[in-house]
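A.B. asks: Shown below is the structure under consideration.
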Amino acid sequence: MAKELWDAYDREGNRLGFDLVRGEPVPEGAYHLVVEVLAVTHDGQVLVTQRHPDKAWGGYWEYTGGSVVKGETPVEGALWELREETGIAVPPEDQHPVYVDTWPETAGMGAGSSIYHSFVAFFDPAEQSIRLQEGETVDYKLLPYGAFKQFLLEDRFVDVVRRRFLDCQAGFDRIITAHFN
């Protein structure tokens, strides 16, 4: 099986000119890009998925995310991760950036230091069926946004995903509120 390659970046998001390999140590001062996508239906329900029991944080809930592979932009990576993990395909214009932030080594996720690009993507569940990725996710829920924010606080939600959401909740609230007004 081919190794997954990532572009190496500095803390400010400039390419460093060498590759990182998934599962291998990330050199000091190097980062890779990670995307997270909060998928929201046109009637305001948030899609959360349950991680496969064999993965880090197995059995816990989260929203879609993953590493951006070599040569991809954050937007392309977010579109790919959403389609791969959930079966949902959205055009780039239905994906709204929330924040970009650096995070040190993410405990328990094995990703090294990362630059997170977070998006909200709106989709119509009547036009697409949710399809879980084998080996990645085992269940899903659609929750009204308010109920999602309560569910996020429970111990069964991935802690680092929760913390990033809570740190930037005002941005998520702004985008979701604007979409429905």
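A.B. asks: Out of all the residues in region 65-76, is one or more over 14 Å from the mean Cα position of the chain (by Cα), open to solvent by less than 30 Å² (accessible area, probe 1.4 Å) and of a type outside the set (D, E, K, R)?
C.D. replies: Scanning region 65-76, I find no residue that is over 14 Å from the mean Cα position of the chain (by Cα), open to solvent by less than 30 Å² (accessible area, probe 1.4 Å) and of a type outside the set (D, E, K, R), so the answer is no.
A.B. asks: Then there's this: Just wondering, is there one or more residues in region 5-15 that are touching a residue at least 12 places away in the same chain (Cβ under 8 Å) and either open to solvent by less than 10 Å² (accessible area, probe 1.4 Å) or under 21 Å from Leu166 (Cα atoms) (or both)?
C.D. replies: As a first pass, look at region 5-15 and keep what is touching a residue at least 12 places away in the same chain (Cβ under 8 Å): 5-11, 13.
Among the residues that remain, those that are also either open to solvent by less than 10 Å² (accessible area, probe 1.4 Å) or under 21 Å from Leu166 (Cα atoms) (or both) are: 6, 8.
Yes, region 5-15 contains at least one residue that is touching a residue at least 12 places away in the same chain (Cβ under 8 Å) and either open to solvent by less than 10 Å² (accessible area, probe 1.4 Å) or under 21 Å from Leu166 (Cα atoms) (or both).
A.B. asks: Looking at this structure, is Val37 aliphatic (A, V, I, L, M), over 24 Å from Leu5 (Cβ atoms) and open to solvent by less than 30 Å² (accessible area, probe 1.4 Å)?
C.D. replies: Values: aliphatic (A, V, I, L, M): yes; over 24 Å from Leu5 (Cβ atoms): no; open to solvent by less than 30 Å² (accessible area, probe 1.4 Å): yes.
Taking the combined requirement at face value, the residue does not satisfy it.
A.B. asks: Restricting attention to region 41-59, and to residues there that are more than 16 Å from the chain's Cα centre (by Cα) and open to solvent by 40 Å² or more (accessible area, probe 1.4 Å), which single residue is farthest from Asp173 (Cα to Cα)?
C.D. replies: Ranking the qualifying residues of region 41-59, first place goes to Asp54.
A.B. asks: Quick one: would you say Gln95 is of a type in the set (S, T, N, Q), in contact (Cβ under 8 Å) with a residue 24 or more places away in the chain and open to solvent by less than 30 Å² (accessible area, probe 1.4 Å)?
C.D. replies: yes
A.B. asks: Kindly evaluate Gly146 against the criterion of being farther than 30 Å from Arg11 by Cα and either assigned to a helix (DSSP H, G or I) or open to solvent by less than 20 Å² (accessible area, probe 1.4 Å) (or both). Break it down into steps so the answer makes sense when it comes.
C.D. replies: Values: farther than 30 Å from Arg11 by Cα: yes; either assigned to a helix (DSSP H, G or I) or open to solvent by less than 20 Å² (accessible area, probe 1.4 Å) (or both): yes.
For Gly146, the condition - farther than 30 Å from Arg11 by Cα and either assigned to a helix (DSSP H, G or I) or open to solvent by less than 20 Å² (accessible area, probe 1.4 Å) (or both) - is met.
A.B. asks: Working only within region 67-98, note down all residues that are touching a helix residue (DSSP H, G or I) at 6+ places or on another chain (Cβ under 6 Å) and either basic (Lys, Arg) or at pLDDT 95 or above (or both).
C.D. replies: Val68, Val75, Ile88, Ala89, His96, Val98
A.B. asks: What number goes with the only condition from (1) surrounded by fewer than 13 Cβ atoms within 10 Å (Cβ to Cβ); (2) without any contact (Cβ under 8 Å) to a residue 12 or more places away in the chain that Arg162 does not pass?
C.D. replies: Evaluating Arg162 over (1) surrounded by fewer than 13 Cβ atoms within 10 Å (Cβ to Cβ); (2) without any contact (Cβ under 8 Å) to a residue 12 or more places away in the chain leaves (1) as the failure.
The values are calculated or read from the model by the stated rules, or taken from the named source; none is laboratory data. Just so we're clear, the structure is a prediction, and the values are computed from it rather than from any experiment. With ideal geometry, Cβ positions are generated from the backbone for all residues, glycine too; neighbour counts draw on all protein chains shown. Side chains included, ligands, DNA and RNA excluded: accessible areas come from the protein's heavy atoms. Shrake-Rupley method; radii C 1.70, N 1.55, O 1.52, S 1.80 Å.
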